[in-house]
Every structure is written in C-alpha cells, then in structure tokens.
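Engineer: Dropping a structure here in structure tokens format, bear with me for questions.
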There are 2 protein chains.
Amino acid sequence: MTVESAIPEHLRTGRTRHRRIPDDFAPPYPSFVARSSTAVRQVVMAYLGIQFRGERPPLAVLDAAFAAVDGPGHHDRARVDGPDGTTEVVSIAYWDDPAAFDRWFAAHRESWLGDAVRDGHGRWAEIIRPTVEEHETLFSSPDRAEGVAVLADGMSGEVQEHAYWGGMRDRIPLSQTDPMAPSGEPVVESGGGRVRVRPGSGLCLIRSGQDWTATEGDERAMYLRDVEPVLRAGMDFLRDEGRAIGCYANRYATVVEDGEPVDRSFGMSWWRSLDALERWAESHPTHVAIFGAAMKYLMAMGPAARLRLYHEVSVATADEQCFEYVDCVPGTGLMG
Amino acid sequence: MTVESAIPEHLRTGRTRHRRIPDDFAPPYPSFVARSSTAVRQVVMAYLGIQFRGERPPLAVLDAAFAAVDGPGHHDRARVDGPDGTTEVVSIAYWDDPAAFDRWFAAHRESWLGDAVRDGHGRWAEIIRPTVEEHETLFSSPDRAEGVAVLADGMSGEVQEHAYWGGMRDRIPLSQTDPMAPSGEPVVESGGGRVRVRPGSGLCLIRSGQDWTATEGDERAMYLRDVEPVLRAGMDFLRDEGRAIGCYANRYATVVEDGEPVDRSFGMSWWRSLDALERWAESHPTHVAIFGAAMKYLMAMGPAARLRLYHEVSVATADEQCFEYVDCVPGTGLMG
C-alpha cells in the first residue's frame with residue numbers, strides 16, 4: 001500500500017524543520033485527510049453559541065442567515081450541558097472564502113450579537129480563520145466528511161503522517177518551516193454585559209469527533225461502557241482544570257439534528273498553543289486514559305470497528321481571531 | 001526551579017534538527033541524567049551471557065577477568081528465565097575507555113568464548129561501544145546510579161528533555177544534527193556451533209530498569225500487582241513477537257547479587273533503530289498499557305513514590321558492534 005503525505009503537493013515547501021518519522025514510516029492502520037481545491041487559501045470556522053436554562057430559544061433567525069447569500073458552505077449544530085445547569089446550543093459554520101464570510105458577517109452580525117436581540121440569553125461567537133497552511137484534518141474512514149472537510153473536494157488516500165505522537169503537527173503545512181510558538185497573553189475587554197477577548201498568536205483549536213451511528217451490539221456496548229465515560233472524564237477535566245495546562249476552554253458536545261441528539265459527539269477546545277495541546281494529549285493521565293481505552297477498543301474490534309473518529313486542528317495568528325460574548329455566564333468560553 | 005539541558009554543554013553543537021519541545025517547556029516532574037567527565041569520549045557496554053538448564057555453571061573465571069587489569073569500571077549481573085526452560089545469567093560490564101576494553105577483551109576473550117572453554121553451555125557476547133554523542137540516560141531520582149551511570153562523575157540537576165514522547169531522542173546529543181536512521185540489514189555468519197551477527201548501522205539498545213527495593217506496604221503491593229504483570233506482558237510480547245516491529249531481541253531480567261535475586265529488574269532490547277523503539281513505546285498497545293499502568297501508579301503515589309526507574313539508550317554504527325554466540329539454543333539474542 002502506498003501512502004501519500006497529508007500535506008498536499010501545492011503546499012509543500014523547502015523544509016527547515018523535520019517530521020518526526022522517517023521517510024519509510026508505514027502507519028499500522030489507515031487514516032485519511034480532507035483534500036481541498038488548490039483555489040482555497042483560507043477558511044473560516046465560526047462557533048456561534050446560545051446559552052440558556054430550560055427551553056431552547058428559537059434559532060430561526062440564525063437559520064435564515066445561514067440560508068442567505070454568502071452563507072456558510074456547511075454548518076452543523078450541537079448541544080453542551082454545562083455543570084451549572086446552563087445549556088449551550090452551538091452552531092458551527094464553515095466558509096472556504098473569507099471574503100464571503102466578511103460580507104455575511106457584516107449583514108448578519110447584529111442579528112446574532114447586537115444589542116437589539118438581547119433577550120437575557122447568553123450569545124457568543126468564537127471565530128477563527130486559519131489559512132490552509134494553518135490547519136489539518138484526520139479521518140478514520142474516508143466515507144463520511146464532518147466539519148471543515150465537508151467543504152473539501154474529497155478525501156485523500158491513506159496518509160503517512162498519523163499514528164504517532166507529533167503526527168498532528170506534521171500534518172499542518174506550516175510545520176515544515178515554523179514551530180508555531182505562541183506569543184502574547186489573552187486580553188479581555190468588557191463592559192455592559194459584552195466581553196471581547198483577544199487571545200495571543202498561536203492560539204490552537206481542536207474539534208475531535210466520535211460517530212457511533214453505525215455501531216451495533218457488542219461494539220456499541222463497548223464504546224458506551226468502556227470508552228465514552230473515559231472520554232467524558234477527560235473532557236470534564238479540561239473544562240474544569242484545563243487552564244493550568246494551557247487549555248483555555250473545552251466543550252464536550254452532542255450533535256443535534258432537527259433538534260434531537262444523534263449518535264455523534266465531539267470535544268472542542270481552545271489552547272494557548274499547539275504545543276500545549278500536544279503535551280496534554282501525549283502525557284496527561286486524563287488523555288493517556290482516553291488513548292488507552294480507545295486503543296483497547298480498536299484492538300478488540302480490529303478492522304471490523306464501525307466507530308468513526310475524526311478531528312480538525314487549527315492554529316491562528318492574532319488577526320485571524322474573533323471572540324465575543326454577550327450576556328454570558330461567568331467562565332463561558334475564553335471569558336475567564 | 002531551573003532546569004538544565006540533558007545534553008551537556010561540551011556536546012552542544014549548532015543544530016540542524018529541532019527538539020520536540022519549546023524552549024520554555026517545564027516538565028511536570030523531575031528527572032536526572034548521568035554526567036560524565038568531559039574526558040570520556042566513548043563507552044563500552046558488554047553483555048556477556050551464559051545459557052543453561054538447571055544448575056548455574058560457575059562464573060569464577062569471568063569474575064576473575066573482571067577483577068583483572070583493564071577490567072570494567074562497573075558490572076552487574078542478572079538472570080533471565082526463557083520460555084523454553086533455559087536460563088541465562090547475563091553479566092553486564094561497562095568501560096569508559098574503549099582502549100582499556102580492547103586490551104581486556106584481547107586478554108580474556110578466549111576464556112569466555114573460546115573453543116577451549118566449550119562445555120555444552122551456551123555462551124554469548126553482545127557488545128556495543130557508543131560514543132558520548134550516541135547515548136543517553138534517565139533517572140527518576142538522583143541518589144542511585146545504575147548501569148553506565150555508575151561510571152559517571154555524578155548526576156545532573158533536573159533536566160528539561162523528559163516527560164514527553166521524543167525526549168529520549170532529544171537527550172541523545174547526536175539528535176542535534178542527525179536523524180540516526182538505520183542502514184543495512186543484519187548479516188549472520190555461522191558454522192561449528194558459533195554464530196556471529198553483524199547488525200546494520202543505527203542499531204539501538206535500551207536497558208530500562210525498575211528498582212522496588214525501597215517500596216513498602218501499599219506501594220509495593222500496587223507495583224507488584226498492577227504494574228509488574230503489565231510490564232512482563234510487554235516484555236514477553238517483544239521477546240516473542242517483536243521482530244515484526246523492529247525489535248530483534250528482548251530480555252526481561254532480574255538483577256542478582258551474590259547469586260540471589262533482588263528487588264530490581266530491567267528489560268534490555270535490541271532494535272533495528274531508535275525510530276522503531278520510539279514507535280513501539282509511543283503507540284503499541286503493549287507499551288501503552290505499561291505506560292498507563294506506570295502513570296496510574298505514579299499518580300496514586302505522588303512524590304512519595306519510592307519506586308526508582310532508570311534507563312540508558314544507545315545507538316551504534318556498524319563498526320561499534322560485536323555479537324557472537326557459541327553453542328546457544330536457536331533464537332538466542334540476535335541469532336534468529
């Protein structure tokens with residue numbers, strides 16, 4: 001089986017930094033990445049959250065905005081239950097043309113975050129626009145895109161840079177020449193129930209998803225009994241205690257379709273840097289436990305496993321970020 | 001707490017390859033490395049094994065050789081029980097002067113491997129002589145040297161390059177400029193019950209040890225019940241199935257003193273390359289299980305843990321190796 005580099009040909013550059021693997025590295029199992037048109041230079045990932053207790057407020061205005069001209073190429077929606085009894089419904093929208101996003105946001109910003117729509121619910125926007133050099137994806141199977149990959153032309157063949165620690169970094173094209181070191185500390189500006197946050201450069205976002213729709217019987221039971229609780233414990237740790245290790249915020253979300261939860265979930269977290277994310281993933285007991293549980297499960301199931309896993313990871317410079325919170329409870333997102 | 005680089009100042013060079021950590025990386029727990037005199041340029045690590053069933057043959061001749069002029073600066077001895085009912089007693093001897101070793105070996109080689117001493121027991125020598133650029137050590141506490149570190153002047157302060165995957169490579173001075181890629185395949189020459197093996201360049205040796213002498217009560221029980229069996233399973237896997245992943249040989253040994261086993265053990269294994277060792281350590285289920293068990297144990301014990309851990313890792317070019325087996329059972333060491 002030949003493998004291809006996760007870095008597409010048009011983004012390969014003369015290296016000043018090496019990959020962690022030798023050129024003949026053969027990953028022990030297959031994984032795939034999204035392949036975008038070479039015309040795509042930058043994407044926008046917009047997480048738009050509404051915060052409430054009890055009944056979910058209507059989202060018809062946002063849905064209409066998504067359907068309007070310059071709307072996102074793809075969006076999905078998920079629910080996060082907070083420990084304080086608040087719930088967030090997060091709509092995640094993706095554009096592969098920042099100019100289209102800018103026009104869209106100019107037209108619809110006020111309908112989401114403006115003073116005129118303040119109704120006591122918290123509303124927020126967490127938006128980054130990484131270039132194609134600044135993000136990567138990974139999929140356990142090539143047959144179902146999620147997230148930013150839905151915008152892409154399709155999936156790669158089997159890629160080489162995965163199944164080792166450091167693969168995430170090695171899949172990001174910028175890693176060929178740049179350590180992606182963070183700089184600056186977050187600046188928080190607040191007043192009148194409105195909070196804007198400007199994190200530093202090198203801010204890192206991961207959305208890491210699980211899809212157990214196709215699992216049945218023993219596999220399903222094993223996922224829900226042996227893997228999911230360990231994953232949840234790790235997500236809770238990051239939410240409650242992550243700041244000490246560079247995790248600014250974490251949400252463990254259940255995807256909803258037509259308002260109902262489906263058998264798909266994801267963690268999304270904001271990190272001070274890719275490096276901080278790497279360190280947690282590689283050596284913190286909470287993620288070592290997740291990794292161990294997932295590995296045990298995948299070894300038990302072998303190639304018959306029907307659980308699908310994916311993630312997308314981005315780094316962003318300071319001018320590629322927008323964080324705004326209106327009437328949100330303390331500690332929401334990057335407010336804290 | 002300031003940390004120092006594991007690479008001593010006199011071995012630092014202009015880098016063409018980066019470390020995996022940023023310069024401000026702060027390891028979450030302390031570790032230490034051996035510090036040798038700057039006069040030391042190369043060491044010799046000689047594993048001398050005798051293979052038998054039943055009663056251990058006498059080792060008085062070898063002991064006398066060790067005590068003779070040009071003998072090793074340090075040696076210890078360990079026992080390995082094989083799955084086929086054979087036992088090996090391995091004497092591990094260290095020199096920090098290859099010329100002294102060469103004189104010693106010229107004087108005593110025949111008394112260990114010569115035709116005149118063949119008595120039906122298997123005898124073998126597995127010897128490498130890595131330069132100081134080609135090896136590293138790591139200790140969980142600075143108060144008790146083992147292995148090659150006994151030859152050193154002392155221990156470092158807390159070092160920076162540990163507690164992340166890739167630390168092992170980053171501690172080897174050669175990693176500053178060299179990927180330490182393997183080249184060549186092992187060549188086996190045999191005849192008349194004598195086998196010589198010439199592995200390729202880049203061959204890698206790890207000796208990774210555990211010392212539970214100072215543990216008591218719950219800690220001791222936890223180590224013996226929760227950690228040791230998982231470690232043993234990983235060692236058995238490498239011994240029986242390691243070749244497919246680049247592990248040529250593995251022995252899980254119990255240290256003996258005055259002929260009696262003590263509460264210290266180590267795994268020693270020969271790998272096609274440092275890279276192959278990294279891949280197993282980072283992602284194979286057998287080592288993920290070891291790592292998970294050790295982490296759970298160390299988290300439970302915290303700084304009160306009295307288990308001591310250490311390792312030494314070397315890479316060697318083809319001309320820094322000597323492997324010879326006399327009257328050994330099939331599959332011994334690198335014979336297979």
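Engineer: Name the one entry in A:R56, A:R19, A:R12 that is within 29 Å of A:M295 (Cβ to Cβ) and either within 22 Å of the chain's Cα centre (by Cα) or of a type outside the set (D, E) (or both). Give the steps one after another, and end with the answer.
Structural biologist: Values: A:R56 fails: within 29 Å of A:M295 (Cβ to Cβ); A:R12 fails: within 29 Å of A:M295 (Cβ to Cβ).
Just a single option satisfies the conditions, and that option is A:R19.
Engineer: I'm checking my understanding of the structure. Among residues of segment B:254-274 that are more than 17 Å from B:R232 (Cα to Cα) and of a type outside the set (F, W, Y), which one is nearest to the other protein chains (Cβ to nearest Cβ)?
Structural biologist: Among them, the one singled out is B:S273.
Engineer: What's the number of the only condition in (1) without any contact (Cβ under 8 Å) to a residue 40 or more places away in the chain; (2) within 14 Å of another protein chain (Cβ to nearest Cβ) that A:H10 fails to meet?
Structural biologist: With (1) without any contact (Cβ under 8 Å) to a residue 40 or more places away in the chain; (2) within 14 Å of another protein chain (Cβ to nearest Cβ) applied to A:H10, the lone miss is (2).
Okay, residues lined up against (1) farther than 19 Å from A:E260 by Cα; (2) of a type in the set (A, V, I, L, M, F, W, C); (3) at pLDDT 95 or above:
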| residue | (1), (2), (3) |
| --- | --- |
| A:L59 | no, yes, yes |
| A:A99 | yes, yes, yes |
| A:E110 | yes, no, yes |
| A:R118 | yes, no, yes |
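Engineer: Residues to consider are A:E324, A:E282; find the one that is over 18 Å from A:Q210 (Cβ atoms) and either without any contact (Cβ under 8 Å) to a residue 24 or more places away in the chain or within 14 Å of chain B (Cβ to nearest Cβ) (or both). Show your work before the answer.
Structural biologist: Values: A:E324 fails: either without any contact (Cβ under 8 Å) to a residue 24 or more places away in the chain or within 14 Å of chain B (Cβ to nearest Cβ) (or both).
Just a single option satisfies the conditions, and that option is A:E282.
Engineer: Ok, one more. So if I check each of A:V288, A:V315, which one is touching a residue at least 24 places away in the same chain (Cβ under 8 Å) and of a type outside the set (S, T, Y)? Spell out how you get there, then give the answer.
Structural biologist: Details: A:V288 fails: touching a residue at least 24 places away in the same chain (Cβ under 8 Å).
After applying the criteria, what remains is A:V315.
Engineer: Moving on. Looking at this structure, is A:L307 in contact with a strand residue (DSSP E or B) (Cβ under 6 Å, 6 or more places away or on another chain) and either within 14 Å of chain B (Cβ to nearest Cβ) or crowded, with 17+ Cβ neighbours inside 10 Å (or both)?
Structural biologist: Details: in contact with a strand residue (DSSP E or B) (Cβ under 6 Å, 6 or more places away or on another chain): no; either within 14 Å of chain B (Cβ to nearest Cβ) or crowded, with 17+ Cβ neighbours inside 10 Å (or both): yes.
No.
Engineer: Restrict the check to segment A:151-160 and report whether at least one residue is over 30 Å from A:P57 (Cβ atoms), within 14 Å of chain B (Cβ to nearest Cβ) and not basic (K, R). Working first, answer last.
Structural biologist: To start, the set of residues in segment A:151-160 that are over 30 Å from A:P57 (Cβ atoms) comprises A:152-160.
Filter once more, so that each one left must be within 14 Å of chain B (Cβ to nearest Cβ): A:160.
Okay, now just the ones that are also not basic (K, R), so A:160.
Within segment A:151-160, one or more residues are over 30 Å from A:P57 (Cβ atoms), within 14 Å of chain B (Cβ to nearest Cβ) and not basic (K, R).
Engineer: Within the group B:R171, B:R194, which residue is surrounded by fewer than 21 Cβ atoms within 10 Å (Cβ to Cβ) and at pLDDT 95 or above?
Structural biologist: B:R194
Engineer: Using beta carbons and a limit of 7 Å, which pairs, at least six apart or on different chains, have the first residue in segment B:18-29 and at the interface with chain A (Cβ under 9 Å from one of its Cβ atoms) and over 12 Å from A:S283 (Cβ atoms) and the second one in a loop (DSSP other than H, G, I, E, B) and among the aliphatic types (A, V, I, L, M)?
Structural biologist: Listed by first residue and then by second, the contacts come to B:P22/A:A181.
Engineer: Which condition does B:A145 not pass, out of (1) over 14 Å from the mean Cα position of the chain (by Cα); (2) more than 14 Å from every other protein chain (Cβ to nearest Cβ); (3) part of a loop (DSSP other than H, G, I, E, B), if it passes all the others?
Structural biologist: Failing condition for B:A145: (1).
Engineer: Turning to a different aspect of this structure: Out of segment B:280-290, which residues are outside any helix (DSSP H, G or I) and touching a strand residue (DSSP E or B) at 6+ places or on another chain (Cβ under 8 Å)? Explain how you work it out, then say what you get.
Structural biologist: So the first thing to find is which residues in segment B:280-290 are outside any helix (DSSP H, G or I), and the list is B:284.
Those that are outside any helix (DSSP H, G or I) and touching a strand residue (DSSP E or B) at 6+ places or on another chain (Cβ under 8 Å): none in segment B:280-290.
Engineer: If you go through segment B:84-102, how many residues are loosely packed, with under 13 Cβ neighbours inside 10 Å and among the charged types (D, E, K, R)?
Structural biologist: Just the residues of segment B:84-102 that are loosely packed, with under 13 Cβ neighbours inside 10 Å, to begin with: B:84-85, B:99.
In the following step, the residues that additionally are among the charged types (D, E, K, R) were identified as B:84.
Matching residues across segment B:84-102 total 1.
Engineer: Of everything in segment B:30-39 that's of a type in the set (A, V, I, L, M) and out of contact with any helix residue (DSSP H, G or I) (no Cβ under 6 Å at 6 or more places or on another chain), which residue is farthest from the other protein chains (Cβ to nearest Cβ)? Break it down into steps so the answer makes sense when it comes.
Structural biologist: Filtering segment B:30-39 down to residues of a type in the set (A, V, I, L, M) leaves B:33-34, B:39.
The next check asks that each one be out of contact with any helix residue (DSSP H, G or I) (no Cβ under 6 Å at 6 or more places or on another chain); those that pass are B:33, B:39.
Values: B:V33: 19, B:A39: 32 Å.
For segment B:30-39, the residue satisfying everything is B:A39.
Engineer: Based on what the data block shows, is B:A125 within 14 Å of chain A (Cβ to nearest Cβ), touching a helix residue (DSSP H, G or I) at 6+ places or on another chain (Cβ under 8 Å), buried (at least 18 other Cβ atoms within 10 Å of the Cβ) and of a type outside the set (D, E)?
Structural biologist: Details: within 14 Å of chain A (Cβ to nearest Cβ): no; touching a helix residue (DSSP H, G or I) at 6+ places or on another chain (Cβ under 8 Å): yes; buried (at least 18 other Cβ atoms within 10 Å of the Cβ): yes; of a type outside the set (D, E): yes.
In short, no.
Engineer: So if I check each of A:L224, A:L231, A:L277, which one is assigned to a helix (DSSP H, G or I), more than 14 Å from every other protein chain (Cβ to nearest Cβ) and crowded, with 21+ Cβ neighbours inside 10 Å? Let's see the steps before the verdict.
Structural biologist: Details: A:L224 fails: crowded, with 21+ Cβ neighbours inside 10 Å; A:L277 fails: more than 14 Å from every other protein chain (Cβ to nearest Cβ).
The match here is A:L231.
Engineer: For residues that are of a type in the set (G, A, S), in contact with a Ser or Thr (Cβ under 7 Å, 6 or more places away or on another chain) and surrounded by fewer than 17 Cβ atoms within 10 Å (Cβ to Cβ), tally how many sit in segment B:17-55.
Structural biologist: First, the residues of segment B:17-55 that are of a type in the set (G, A, S): B:26, B:31, B:34, B:36-37, B:39, B:46, B:49, B:54.
Next cut, in contact with a Ser or Thr (Cβ under 7 Å, 6 or more places away or on another chain) only: B:31, B:34.
Narrowing further to those that are surrounded by fewer than 17 Cβ atoms within 10 Å (Cβ to Cβ): none.
Count: 0.
Engineer: Inspect segment B:251-265 for any residue being modelled with pLDDT under 95 and not in a strand (DSSP E or B) and give the result as yes or no. Before you say what the answer is, go through the steps one by one.
Structural biologist: Taking segment B:251-265 and keeping what is modelled with pLDDT under 95, we get B:258-259.
So of that shortlist, the ones also not in a strand (DSSP E or B) come out as B:258-259.
Looking through segment B:251-265, at least one residue is modelled with pLDDT under 95 and not in a strand (DSSP E or B).
Engineer: Against the definition (more than 24 Å from B:P179 (Cβ to Cβ), out of contact with any helix residue (DSSP H, G or I) (no Cβ under 9 Å at 6 or more places or on another chain) and modelled with pLDDT under 95), how does B:M335 come out, yes or no? Before the answer, list the steps.
Structural biologist: On the way: more than 24 Å from B:P179 (Cβ to Cβ): yes; out of contact with any helix residue (DSSP H, G or I) (no Cβ under 9 Å at 6 or more places or on another chain): yes; modelled with pLDDT under 95: yes.
Spelling it out, B:M335 is indeed more than 24 Å from B:P179 (Cβ to Cβ), out of contact with any helix residue (DSSP H, G or I) (no Cβ under 9 Å at 6 or more places or on another chain) and modelled with pLDDT under 95.
Engineer: In segment A:266-314, which residues are in contact with a Gly (Cβ under 6 Å, 6 or more places away or on another chain) and modelled with pLDDT of 95 or more? Please lay out each step first, then the result.
Structural biologist: Here is the first cut: in segment A:266-314, the residues in contact with a Gly (Cβ under 6 Å, 6 or more places away or on another chain) are A:266, A:271-273, A:276, A:286-288, A:290, A:292, A:310, A:312.
Answer for segment A:266-314, where residues must be in contact with a Gly (Cβ under 6 Å, 6 or more places away or on another chain) and modelled with pLDDT of 95 or more: A:F266, A:W271, A:R272, A:S273, A:A276, A:Y310, A:E312.
Engineer: Another question, then. Please work out if B:D81 is buried (at least 17 other Cβ atoms within 10 Å of the Cβ), of a type in the set (D, E, K, R) and away from every other protein chain (no Cβ under 14 Å). Talk me through it step by step, then tell me what you get.
Structural biologist: Numbers: buried (at least 17 other Cβ atoms within 10 Å of the Cβ): no; of a type in the set (D, E, K, R): yes; away from every other protein chain (no Cβ under 14 Å): yes.
Here the answer is no, as B:D81 does not meet what is asked.
Engineer: Counting only residues that are within 18 Å of the chain's Cα centre (by Cα) and among the hydrophobic types (A, V, I, L, M, F, W, C), which one in segment A:234-261 is surrounded by the most Cβ atoms within 10 Å (Cβ to Cβ)?
Structural biologist: Selected residue: A:A253.
The values are calculated or read from the model by the stated rules, or taken from the named source; none is laboratory data. What you see is a predicted model; the values in this text were computed from it and never measured. So basically every Cβ, Gly included, is an ideal-geometry build from the backbone, and we count neighbours across all protein chains shown.
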